[in-house]
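No value in this document is a laboratory result; all are computed from the given coordinates. From a predicted model like this one, the values you see are computed outputs, not experimental measurements.
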Amino acid sequence: MNLKPVYALLLLSCIAELGACKDLLKKKDPDPAPAASVVVAPPPAVVAPLPTTTAVAAPAPAPVAAAVDESGIPASQDFEDEAFAIVTATNFRVQLATLKTAITKP
């Protein structure tokens, strides 16, 4: 059986589908602008001039980052020695159950 017509039909249908998707991917036009004959004037309170100032404020000093002693923050490496001492091949299931219950407690 000659499959060239089937492949050609499949190719054409894929191209048609991609062409249809292109229309969906285009950005929608924003809502049309209101007609030029309709002009909305801002309320008079908004149009009032801003008070003028002659003094220029000095820029605020940049905040200074506090020095943090990173050696006081516990990391996973700090607990490895303790974990190797407590958890053994014979009691790892009990230790795992203990950890699970500790995690689920509020």
(message) Per 0.36 nm of contour for each residue apart, how much would the distance between THR104 and GLU80 grow if the chain were fully extended, relative to their Cα-Cα spacing?
(response) 6.4 nm
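How far, in nm, would the chain grow between SER13 and GLU70 when pulled straight, counting 0.36 nm per residue and subtracting the alpha carbon separation? Don't skip to the end; give the middle numbers.
Numbers: separation 57, 0.36 × 57 = 20.52 nm, distance 6.22 nm.
Difference between extended and current length: 14.3 nm.
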